[in-house]
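The structure under discussion appears below in the form of structure tokens.
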Amino acid sequence: MKKYLAELIGTAVLVFLGCGTAMLVGCDAAAGSGYLLTALAFGLVIVGMAYCVGNISGCHINPAVSLGVLMSGGMSGKDFVGYVIAQCVGALAGAGLLAAVFGLGQVTDMTGGFGSNGLAGVNGSAAAGLLVEGILTFIFVLTILGVTDSKAKHGSFGGLVIGLTLTLVHILGIGLTGTSVNPARSFGPAVVAALTGNTAPLGQLWVFIVGPLVGGALAAVVYSALRKGK
């Protein structure tokens, strides 16, 4: 249970700080600083959580990552289910905290949906959104599998490498889909937004579940093929 609690806490922190930053600074292409601040927020959370709960649960805090680890033989099916449930509950908790803080403080939500993902940057194209999310998640999960490989020689810098990679994929993806690469991160804000009257993110949520999961699965297949015989 401690592993699942660690995943819940880590995902809640990711949503609260990452999506909270997006809510405050916005993601307008005319203000590039908002892109960078949001990208850094998500990346730095991963760095912090990797060294905080990484020794307990591995700090997946992302169903796509857990799927990649499962397919690579790094966890059991039972743990995979437990991780995903914990991650989704954590995402709901993080988004709920944002609703409480922003509601009580009467702070304007610059994104209109608690940092929810959307397809505005790809002109509403679900196909383009799936492609973007699939590619970015593939890169992210492939990096994680490499960094956490038992043969990796990165010392204690694994969490930093993973966090910087998440920052990198956000820099490209924010203007296209808001960057999910994490079904739980998309699920929590979309549900809480719907509960507070904005149902638009729910209609596109499937893209940010399917795209990352496919990308994570492909990363596992490719990494296993590359590593075979090594």
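What follows draws every value from the coordinates through simple rules; no lab data is involved. Quick caveat, the model's predicted, so the values are computed rather than measured. For neighbour counting, all protein chains shown are included, and Cβ atoms are generated from backbone atoms with ideal geometry for every residue, glycine included.
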Of 146, 121, 168, whose Cα points farthest to the positive end of the dipole of the chain (charges on the beta-carbon: +1 Lys, Arg; -1 Asp, Glu; origin at the Cα centre)?
146
Could you put 59, 88, 52, 19 in order, starting from the residue whose Cβ has the fewest other Cβ atoms within 10 Å?
52, 88, 59, 19
Per-selection metrics, the stretch 164-221 (Cα): Rg and Dmax in Å
12.4, 40
Degrees, to the nearest 10: 32-57 long Cα axis against longest axis of the chain
40 degrees
Which value, in debye to the nearest 20, describes the size of the charge dipole of the stretch 2-227 about its Cα centre when Lys and Arg Cβ atoms bear +1, Asp and Glu Cβ atoms bear -1, and nothing else is charged?
520 debye
If r is the Cβ-Cβ distance from residue 97 to residue 226 and R0 is 35 Å, what FRET efficiency results, to the nearest 0.05?
0.30
Could you tell me the distance between the Cα centroids of the stretch 164-228 and the stretch 53-67, to the nearest Å?
15 Å
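How large is the charge dipole for the stretch 122-230, taken about the Cα centre, if only the Cβ atoms of Lys, Arg (+1) and Asp, Glu (-1) carry charge, to the nearest 20 debye?
Result for the stretch 122-230 is approximately 460 debye, rounded to the nearest 20.
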Sort 15, 192, 69 by Cβ crowding within 10 Å, fewest neighbours at the top.
69, 192, 15
Excluding exposed DSSP-loop chymotrypsin sites (Phe, Trp or Tyr not before Pro) (at most 16 other C-beta within 10 Å), longest clean stretch of the chain
1-156
As I understand it, the value is the acute angle between the Cα axis of helix 183-195 and the longest principal axis of the Cα atoms of the chain; what does it come to in degrees, rounded to 10?
20 degrees
To the nearest 10 degrees, how steeply does helix 207-227 sit against the main Cα axis of the chain, on a 0 to 90 scale?
20 degrees
